[in-house]
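To keep things clear, I will list the structure first and then write my remarks on it.
Bear in mind these aren't lab numbers, they're just calculated from the coordinates by the rules spelled out. Remember, it's a predicted structure, so these values are computed and weren't measured experimentally. We place every Cβ from the backbone using ideal geometry, glycine too, and count neighbours over all the protein chains shown.
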Amino acid sequence: MKNKSISIPMGMVTKKFYCHKCGARLDKHSKTRTVSPGDPDYRKHNRINHRTHMIGDVEVTEYDFQCPSCGNIVEYDEQRVIKKIQMQLHKNTLSEEEILNNKGKAEETMDRNAKVFKVIFVTIALAVIGFIFYSKIKSGDFSFTFYF
Ligand SMILES: [Zn+2]
């Protein structure tokens, strides 16, 4: 049996992306390659869960974008930055110069948004954990043991 690993970024499924060359809606485009033990990114792909790892070669399928109209292929991370610039400039078709000039600013905004998101996420997680602890203590169905 062949080991298989498929990874697809969440945003690729939930968001729409447009080609910066012609403005067409981009399609997902899959790439498949074989990763062998000893390859630098092998450990990233042979994981099944925290404890189990696949043994031997893994057939890795990853996705990028391809334009159905002009054939332009773009990596997901690059397209995320392009999407940000498209939104900031209020247009889909961009010249290479516009991308180059706005890239730094777009990446900065994305970094900041990611940090804000992390803070919100951690706050919500702590609130949920706090609530679970609180309701367990209240209901009496609770035991906490420290041991070394
Ligand atoms: Zn295109």
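I need the peptides 94-105, 115-126 ranked by packing, meaning the mean over residues of other C-beta atoms within 10 angstrom, with the highest value on top.
The densest-packed peptide leads the list: 94-105, 115-126.
For the cross-link pairs LYS21/LYS83; LYS16/LYS91; LYS28/LYS115, which exceed 18 Å when the distance is taken from alpha carbon to alpha carbon?
Cα-Cα > 18 Å for LYS28/LYS115; rest within.
Which order, highest average first, do 133-139, 15-21 follow once you tally other Cβ atoms within 10 Å for each residue and take the mean per peptide?
Per-residue Cβ counts within 10 Å, averaged per peptide and sorted highest first, yield 15-21, 133-139.
Enter the angle in degrees (range 0 to 90, nearest 10) between the Cα long axis of helix 96-139 and the first principal axis of the Cα atoms of the chain, meaning the one along which they spread out most.
Tilt of helix 96-139: around 20 degrees.
For a quick size check, give me the Cα extents of region 3-112 along its three principal axes, largest first, whole Å.
Largest first, region 3-112 extends 48, 33, 24 Å along its Cα principal axes.
So if R0 is 35 Å, what FRET efficiency would ASP39 and ASP77 give, r being the distance between their Cβ atoms, rounded to the nearest 0.05?
Taking R0 as 35 Å, the efficiency between ASP39 and ASP77 is 0.95.
Restricting the count to DSSP beta bridges whose residues both fall in the chain, what percent are antiparallel, rounded to a multiple of 5?
70 percent
Can you give the FRET efficiency for ILE132 and CYS22, using 1/(1 + (r/R0)^6), R0 = 35 Å, r = Cβ-Cβ distance, to the nearest 0.05?
E(calc), rounded to 0.05, equals 0.10.
What is the gain in length, in nm to one decimal, between ARG51 and MET110 on full extension, counting 0.36 nm per residue of separation less the C-alpha to C-alpha distance?
Gain in length upon complete extension: 18.0 nm.
Multiply the residue gap between ILE120 and LYS103 by 0.36 nm, knock off their C-alpha separation, and tell me the result in nm, one decimal place.
In short, 3.5 nm is gained.
Take the Cβ-Cβ distance between VAL13 and GLU96 as r, set R0 to 30 Å, and report the resulting FRET efficiency rounded to the nearest 0.05.
Plugging the Cβ-Cβ distance into 1/(1 + (r/R0)^6) gives 0.60.
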